[in-house]
Amino acid sequence: MRKGASGPLLILFKDILMIEHNKRWILQWFLPVLIILTLFYLFPLLDAIRLSFTNARIGLANVKFSLSSYEAVLTDPDLPVVLRNTVIFVIFTVFCQLTLGLLVGLLLETHLKGMGLLKLAMITAWVVPGVIAGITWNLLYSSASWGVINNTLELFGAEKISFMTNPSWALVATIIANVWRGTGFSGIMQYGALRGIDPQLYEAASIDGAGSFRRFWGITLPMLKPMLMINLVLITISTVNTYDAIWALTKGGPGISTTVLSLQTYKSTFLRLNLGQGAVYAVLMILSSTIFTAIYLRMMKEENRG
Amino acid sequence: MKKFMSLISMLLLGGVLFGAGQQDAVPVDVDPVASATEAGTPGAPVQLRALIGSWNTMASSVESRKEYYEQAILAWAEEHPDVYVEIEGIPGGQTAQAMTKLITAAIAGNPHDFANIDSQWVGNFHEAGVLSPIDDYLTQEDKDQFFDFTKIVTVRDGKQYNLWAETGLLLYYYNTDYVKVAPRTWDDVFALNDTLKAEGIDKDAFLTQGKGAAAAFCLLPSYWAQGAVLFDAADNYRPVFGEGKNRDAMINSFSFIKELVDAGAMPSEMIGYDHNELEAEAKADNVASFIAGSWKQGGLDPEKWEYTSLPSMDGSKSNIYGGWTFGFLARDKKKLEESVNFVNAVYTSRDAMADRLPRHGYIPVRKDVFSAEAFKSPFYEVIYKELEVGRARPATSMYPEVESLIEEAMGKILSGSDVAETVDEMYSKVVRSYNAKN
């Protein structure tokens, strides 16, 4: 048994020695992934940065290098509003998706009747395309005669809520729709991590007299932390990049009250045909995603040190 | 070795000559085809590539439209056995993506030979210099049949580059149970609101649209009716809507919307409404009058709903025209000629429009089409007059930016922003983009 198990390890060890012995093999193994990363990730990224330093528009043949796109975007009075919307949208969405995802994960762990259906519902919400999610929530929020929520409110004698036309409500409505869409992913991830926790730890804690809250605080949360951090990074990046659901729901309005950086990038590029300014917004998005990720990585490192 | 090389050379030469001979030959015993992706005789010497809205091809889900395209394509193919068209469809709702792809391919030198181009995108294609003039393949008599508004878009520097295929415009719809006389001026609209309120009729007096492109579509006729313009066509389409009387007209147009909301004639929810929402509100009997596309007329109860031209500040008439054109990108003369022939036969000739447009509910852009039986009705009498008073969206690449900013401005103004400041901010953004472009 010991001999059989050591066989593959021995081969792996020999392989590592081979790599050490002849480093050109490393390049060969990595070449396909390097080509894919360069073509589909690095090149578009560098091209977006190049475009941001031009006056490029869709259909403009003579593109000039200039700082005009940066000047236009950075002095735009709408930029602070768009950045504020982005921060609010990301923070609330991430917080709610993580918290509700954890609750869903814990609920699934209870193995109560109907949990299979809950899992299916969570996954369905996650796989629904953003545009469909936006349209669905539009039908729910609408103040028109078919708006489900407002008609229900009116049925009980309450006033209609201007979900889509009041700037504050519109942002709240957008966050709720996005939380609904992303909680499934977060819940499934955390459910997977919960299932990996050794039940003996809970048994030992119970024998020592720990209550449910103590067990959650002392065992579940620390064991979930690595997954929570990964979840945090993934949810943040996907939220920063969300534009399709918002576009279908509010088109970024009323005014620009639900326009976030990703949607502003889309609007500049495909509605106003201004590639240069769209690229500047894309660069801002890259910077914001990098900042969020760097903060989380630092938190993870400190956590590991602690 | 020498003999072997000679043999190879002869075979190659023979092959080339054979191939060349084959290229000019019209295929014998090959039946013409008509489908969503093909038109004409497969293997024909003139091979064309076309990009057409899938709703305007045999990919349409409506049987009567499919029937038309099949019969029109086969009739054209009988007369042009030497031409084959490979058709690529534009999926519904993907105009921006399709136009972007087309113009990028055209600049790179690999465009389709002809394409459906949204009328608001034609300016981009003009500015990119990728369209070919088609005057040699049209008669003056034919050109004169197109309404004047089309020429602002399809003609540049005296040359015609596009054929406008169909359009739609705006109408003012009113419920005769609540509106006895259609308002002609903005004052009349406010008076109607007062009357409804006095009579205790709890309906929105007047609804217009604020969602997406519909916001600009519904605002601009009231702006143009004041004699204002967005761009100076004589000065390289320089934006001028923030200057002098144009600025005043823009402020007036936005203020009218704001005052309607303030007066309770229209809910602020209008910024989430487009044509479909308004039609639904009308059918739910929540509204006394509204502005929507001409294509909505068929869906309203004719016993209750009448239609007329749009009310304006002082009663002057204006309208706005959307719709699609065909642009020609081929450089080869034969291909260009055959492209124009195909478009004329299937889409833009008098007979083609008279047969095709009623099946779609589109409005014709040729005057002679209105003498066809299908267009002899009181509805089309109104439409004909409307086609003479309005404007097409300006043929400049700056227009989409204005359109997008009008929608944003409407939301800002109804959320409490100052009208004049919002208009000035919008103008300075467009001017900055214009200066950067030039």
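The values are calculated or read from the model by the stated rules, or taken from the named source; none is laboratory data. In this text, all values refer to a predicted model and were calculated from it rather than measured experimentally. Here the Cβ positions follow ideal geometry from the backbone for every residue, glycine too, while neighbour counts run over all protein chains shown.
Residues that are more than 30 Å from A:Ile58 (Cα to Cα) number at least 2 in the following strands (runs of 3 or more DSSP E) confined to the stretch B:107-205: B:170-175.
Within the set B:Asp332, B:Asp368, the sole residue that is surrounded by fewer than 21 Cβ atoms within 10 Å (Cβ to Cβ) and closer than 22 Å to B:Val153 by Cβ turns out to be B:Asp368. Starting from residues that are more than 15 Å from the chain's Cα centre (by Cα) and among the β-branched types (Val, Ile, Thr), keep the ones in the stretch A:256-294 and report whichever is nearest to the other protein chains (Cβ to nearest Cβ). For the stretch A:256-294, the residue satisfying everything is A:Ile256. For the stretch B:156-196, a residue qualifies if it is over 24 Å from B:Gly361 (Cα atoms), under 21 Å from the mean Cα position of the chain (by Cα) and not charged (D, E, K, R), and the qualifying residues are B:Gln160, B:Tyr161.
With respect to (1) within 14 Å of chain A (Cβ to nearest Cβ); (2) crowded, with 22+ Cβ neighbours inside 10 Å, the lone exception for B:Thr57 is condition (1).
If you filter the stretch B:284-300 down to residues that are more than 12 Å from chain A (Cβ to nearest Cβ), assigned to a strand (DSSP E or B) and in contact with a Leu (Cβ under 6 Å, 6 or more places away or on another chain), you find that the one that is surrounded by the fewest Cβ atoms within 10 Å (Cβ to Cβ) is B:Ile291. Of everything in the stretch B:421-438, what is among the β-branched types (Val, Ile, Thr) and more than 13 Å from B:Glu408 (Cα to Cα)? Give them in sequence order. Of everything in the stretch B:421-438, those that are among the β-branched types (Val, Ile, Thr) and more than 13 Å from B:Glu408 (Cα to Cα) turn out to be B:Val430, B:Val431.
Residues checked against (1) at pLDDT below 95; (2) assigned to a helix (DSSP H, G or I); (3) within 14 Å of chain A (Cβ to nearest Cβ); (4) surrounded by fewer than 22 Cβ atoms within 10 Å (Cβ to Cβ):
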site: B:Ala234; (1), (2), (3), (4): yes, yes, no, yes
site: B:Arg247; (1), (2), (3), (4): no, yes, no, yes
site: B:Met250; (1), (2), (3), (4): no, yes, no, no
site: B:Glu259; (1), (2), (3), (4): no, yes, no, yes
site: B:Ile271; (1), (2), (3), (4): yes, yes, yes, no
site: B:Glu279; (1), (2), (3), (4): yes, yes, yes, yes
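Those residues that are of a type outside the set (Gly, Ala, Ser) and either buried (at least 16 other Cβ atoms within 10 Å of the Cβ) or within 11 Å of another protein chain (Cβ to nearest Cβ) (or both), I need them from the stretch B:87-104; list them, please. B:Ile87, B:Glu88, B:Ile90, B:Gln94, B:Thr95, B:Gln97, B:Met99, B:Thr100, B:Lys101, B:Leu102, B:Ile103, B:Thr104, listed by residue number. Counting only residues that are more than 14 Å from chain B (Cβ to nearest Cβ) and part of a loop (DSSP other than H, G, I, E, B), which one in the stretch A:155-165 is nearest to A:Ile246 (Cα to Cα)? Here the answer is A:Ala158. Residues in the stretch B:222-232 that are part of a helix (DSSP H, G or I) and surrounded by 24 or more Cβ atoms within 10 Å (Cβ to Cβ): B:Ser222, B:Tyr223. How many residues, within the stretch B:390-415, are more than 9 Å from every other protein chain (Cβ to nearest Cβ) and closer than 17 Å to A:Pro254 by Cβ? Residues meeting the conditions: 1.
Evaluated against (1) in a helix (DSSP H, G or I); (2) buried (at least 17 other Cβ atoms within 10 Å of the Cβ); (3) out of contact with any Lys or Arg (no Cβ under 6 Å at 6 or more places or on another chain); (4) within 12 Å of chain B (Cβ to nearest Cβ), A:Leu51 falls short on exactly one condition, (4). Screening the candidates B:His126, B:His112 for the property of being more than 18 Å from the chain's Cα centre (by Cα), outside the structural domain of B:Gly264 (by TED's automatic domain parsing) and more than 30 Å from B:Asn286 (Cα to Cα) yields one hit, B:His112.
Counting only helices (runs of 4 or more DSSP H) that fall entirely inside the stretch A:166-218 and contain at least 1 residues that are buried (at least 20 other Cβ atoms within 10 Å of the Cβ) and on the phi < 0 side of the Ramachandran plot, the qualifying elements are A:167-195. On the given criteria, is B:Ser316 over 20 Å from the mean Cα position of the chain (by Cα) and polar (S, T, N, Q)? Yes.
Among the residues of the stretch B:105-144, those that are among the hydrophobic types (A, V, I, L, M, F, W, C) and more than 12 Å from chain A (Cβ to nearest Cβ) comprise B:Phe114, B:Ala115, B:Ile134, B:Leu138. The residue that is farthest from the chain's Cα centre (by Cα), counting only those in the stretch B:407-438 that are closer than 13 Å to B:Phe241 by Cα and without any contact (Cβ under 8 Å) to a residue 60 or more places away in the chain, is B:Glu425.
For every residue, the table says whether it meets (1) part of a helix (DSSP H, G or I); (2) within 24 Å of A:Thr220 (Cβ to Cβ); (3) of a type in the set (A, V, I, L, M).
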residue: A:Leu100; (1), (2), (3): yes, yes, yes
residue: A:Leu103; (1), (2), (3): yes, yes, yes
residue: A:Leu106; (1), (2), (3): yes, yes, yes
residue: A:Leu112; (1), (2), (3): no, yes, yes
residue: A:Gly116; (1), (2), (3): yes, yes, no
residue: A:Leu120; (1), (2), (3): yes, no, yes
residue: A:Ile123; (1), (2), (3): yes, yes, yes
residue: A:Ala133; (1), (2), (3): yes, no, yes
residue: A:Trp137; (1), (2), (3): yes, no, no
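Can you confirm whether A:Gly130 is away from chain B (no Cβ under 13 Å), out of contact with any His (no Cβ under 8 Å at 6 or more places or on another chain) and more than 30 Å from B:Gln120 (Cα to Cα)? So A:Gly130 fails the test.
Taking every residue in the stretch A:137-150 that is more than 7 Å from every other protein chain (Cβ to nearest Cβ) and pairing it with any residue that is among the aromatic types (Phe, Trp, Tyr) and not in a loop (DSSP other than H, G, I, E, B), at least 6 positions away or on another chain, the pairs with Cβ-Cβ distances below 9 Å are A:Trp137/A:Trp180; A:Tyr141/A:Trp169; A:Gly147/A:Tyr141; A:Val148/A:Tyr141; A:Ile149/A:Tyr141; A:Asn150/A:Tyr141.
The residues of the stretch B:407-426 that are in contact with a Gly (Cβ under 8 Å, 6 or more places away or on another chain), farther than 14 Å from B:Gly272 by Cα and surrounded by fewer than 21 Cβ atoms within 10 Å (Cβ to Cβ), listed by number, are B:Ser417, B:Asp424.
Taking every residue in the stretch A:57-84 that is at the interface with chain B (Cβ under 9 Å from one of its Cβ atoms) and pairing it with any residue that is of a type outside the set (A, V, I, L, M) and in a loop (DSSP other than H, G, I, E, B), at least 6 positions away or on another chain, the pairs with Cβ-Cβ distances below 6 Å are A:Arg57/A:Asn274; A:Gly59/B:Ser397; A:Lys64/A:Asn55; A:Ser66/A:Asn55; A:Ser68/A:Asn55. Give the residues of the stretch A:36-49 that are in contact (Cβ under 8 Å) with a residue 12 or more places away in the chain and either of a type in the set (Ser, Thr, Tyr) or farther than 28 Å from A:Gly182 by Cα (or both), sorted by residue number. Within the stretch A:36-49, just A:Ile49 meets the criteria.
So, in the stretch B:37-67, how many residues would count as being in contact with an Asp or Glu (Cβ under 6 Å, 6 or more places away or on another chain) and of a type outside the set (A, V, I, L, M)? Total satisfying the criteria: 2. Taking the numbered list (1) within 14 Å of chain A (Cβ to nearest Cβ); (2) farther than 27 Å from A:Lys267 by Cβ in turn, B:Phe147 passes all entries but (1).
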